[in-house]
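Coordinate-derived values only; no laboratory data. Remember, it's a predicted structure, so these values are computed and weren't measured experimentally. Glycine also receives a Cβ, built like all others from the backbone with ideal geometry; neighbour counts cover every protein chain displayed.
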Amino acid sequence: MTTEPQALIAEAHSMGVHLEVENGRLLASPAGKLPEPLKAKLRERKPDVIRLLADIPLNPQLSESAARMQDADIRVAVYVTETDAGMVVADRLLHGEAQARLVWEEGGIVWTGDEMLSYVSLSPSDRRLFRDLKSIHRGISSGLA
């Protein structure tokens, strides 16, 4: 049985750990105080915890879709190129780390289901920042991901 996001937030707080959402990412401070079982529960319910902390209503179908993508290790590759006619955006589905690494080497940006779910809850300026950071830090992940 999965734990409710409110209970996870309360459990972290009782341990002296502050959870917050920054640029669509779930952060814990100090992160070293979180025991592994609680980290695992937070990962499992991350979209719901983020939504609750950010107080963002979210379509349950989006959350379910992101969870299915995470479970199947499916990611989305996005390629953005500029031409004389303007910007061209192309995308494709990936499966697994090996395909993701190839996309990063080709200059694409790889998005996980959780990242895409977080992205849709951001303001337009935060979305630009998130996209810029993703393009700069290809293949690097941190936080509770």
Taking every pair of alpha-carbon atoms in region 1-57, what share in percent sits in each 5 Å bin, from 0 to the bin with the longest distance? 4, 21, 36, 27, 11, 2
Viscosity 1.306 mPa s, 10 °C: Kirkwood-radius Stokes-Einstein D of the chain over Cα pairs, µm²/s: 97 µm²/s
Region 86-133 and region 1-31 have their Cα centres apart by a whole-number Å value of 25 Å
Computed from the beta carbon distance with a Förster radius of 22 Å, FRET efficiency for Ala40 and Asp73 to the nearest 0.05 stands at 0.85
Using a simple charge model, +1 on the beta-carbon of Lys and Arg, -1 on the beta-carbon of Asp and Glu, nothing else, what dipole does region 62-140 show about its Cα centre, in debye to the nearest 20? 80 debye
Residue separation times 0.36 nm, minus the C-alpha to C-alpha distance between Gln6 and Glu97: what's the value? 29.6 nm
Under a straight-distance cross-link criterion of Cα-Cα below 25 Å, which lysines are reachable from Lys33, leaving out those fewer than 8 residues away in the same chain? Lys41, Lys46
In what sequence do Arg127, Arg25 fall when counting other Cβ within 10 Å, fewest first? Arg127, Arg25
Please name whichever of Ile136, Val78, Pro124 sits farthest to the positive end of the charge dipole of the chain, dipole taken about the Cα centre and charges placed at Cβ: Lys and Arg +1, Asp and Glu -1. Ile136
Which order results if Leu27, Leu42, Leu34 are arranged by neighbouring Cβ count within 10 Å, fewest first? Leu27, Leu34, Leu42
Relative exposure of Lys41, Lys33, Lys46, judged by other C-beta atoms within 10 Å (fewest first): Lys33, Lys41, Lys46
